[in-house]
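The next block holds one structure in the form of structure tokens; read it before the comments.
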Amino acid sequence: MKEPITIDYQEEGVQGPLADEKSRQSYVDLESLAVPGSHCQIWCYEGPVWKASDHQLENNRLVLTHHLAETTIKTIINPAEDGAEFTVEVSGPDKESVQQVEYLEPCWQLKRADNFCHRGDPENFVTDFVARCFVFLDRGLTCMKDTRRLPAKRYGNDLLAKRANDPLTWTQDYFPTWRKHPGQEPGQRLGRSTDRPVLPIIGCISRDNNYLVAWAHPQCGVLNQAWIDCLHTVPQISESYNPSTNTSLSRSKIYFLPNDEERLLQAFKRDFPDWKIPANPLNCIRGPDINMKAE
């Protein structure tokens, strides 16, 4: 009997700005047999962590190991009811080495998911893909086409700047109600919506409107829809630091479901029964979000 979720590991080479500058990136491959056209990838990780130094794939269970100076980051991906569960543990010789990993940047890419990705003219990216992505606002599941999306304020006149700064902006940050909103700043790379998600969930509805995929990440710092049919949660993993074990721990889940808002909410409550909105506003720590002004 086949697993309802298949998990695999892939590496891809990426060309840097210089001819001899190449790097390898680590990807988690996921596909649900119950949701047609759902083959997606999670780049683990963008930012300071980059490629895994080791991986083990056995019995449809994947373990990635990253090393950052004295710190070890172990990511375990297991099949689970309605999807796949991600557990991340950061460990090191002391508190300082563990807490240097303040956040992670998994990049969830739907560009290979035939029933979810953007198709056709790149200029239709917003109306074709972004329109089907969603977050949860006070009024429930809300597609991004129905949210307040503000243009970025990037410097320059390159294609990324034009697309980000356009009134029909290509990208957007959604800061949850329990995170401090940084406001609007000159040079910001992405637009920052003034709509505030009330749940730590971001997702996309299929092209045929029959299915959805969603990532629930209780430690999310910002819910972000970016350039290449991708969604981000930016988990603030250092917030979970446990001095008794000298580790930080993050747990999240990617769901593959029929297009049923109530079923997604029930699955989230089942898997994260103790989650509640933090009492006090929290910061969102992430990489630099301001591009340099042209000389």
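Here are the numbers:
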| read-out | value |
| --- | --- |
| Matching residues, the stretch 65-118, being assigned to a strand (DSSP E or B), farther than 18 Å from residue 246 by Cα and small (Gly, Ala, Ser) | 80, 83, 84 |
| Long-range neighbours under 8 Å by Cβ, at least six apart or interchain, first residue within 15 Å of residue 89 (Cα to Cα) within the stretch 52-67, second among the acidic types (Asp, Glu) | 62/8; 64/54; 65/54 |
| The one condition in (1) closer than 24 Å to residue 34 by Cβ; (2) buried (at least 24 other Cβ atoms within 10 Å of the Cβ); (3) in contact with an Asp or Glu (Cβ under 8 Å, 6 or more places away or on another chain) that residue 257 fails to fulfil | (2) |
| Per-region count, the stretch 169-185, residues part of a loop (DSSP other than H, G, I, E, B) and touching a residue at least 40 places away in the same chain (Cβ under 8 Å) | 10 |
| Test: residue in the stretch 134-149 that is surrounded by fewer than 16 Cβ atoms within 10 Å (Cβ to Cβ), within 18 Å of the chain's Cα centre (by Cα), not small (Gly, Ala, Ser) and not in a helix (DSSP H, G or I) | yes |
| The stretch 83-102, subset at pLDDT 95 or above and crowded, with 23+ Cβ neighbours inside 10 Å, residue farthest from residue 8 (Cα to Cα) | 98 |
| Residue 120 touching a helix residue (DSSP H, G or I) at 6+ places or on another chain (Cβ under 9 Å) and modelled with pLDDT under 95 | yes |
| Residue within the stretch 195-204 that is modelled with pLDDT under 95 and surrounded by 15 or more Cβ atoms within 10 Å (Cβ to Cβ) present | no |
| Selected residue (criterion: nearest to residue 28 (Cα to Cα)) from residues of the stretch 82-141 that are of a type in the set (Asp, Glu) and touching a residue at least 24 places away in the same chain (Cβ under 8 Å) | 85 |
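Rundown of residues vs (1) surrounded by 15 or more Cβ atoms within 10 Å (Cβ to Cβ); (2) among the aliphatic types (A, V, I, L, M), yes/no style:
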| position | (1), (2) |
| --- | --- |
| 187 | yes, no |
| 220 | yes, no |
| 230 | yes, no |
| 237 | yes, yes |
| 240 | yes, no |
| 267 | yes, yes |
| 270 | no, no |
| 285 | no, yes |
| 289 | yes, no |
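The values are calculated or read from the model by the stated rules, or taken from the named source; none is laboratory data. Please read these numbers as outputs of a predicted model, since none were measured by experiment. Backbone-built Cβ (ideal geometry, glycine too); neighbour counts: all protein chains shown.
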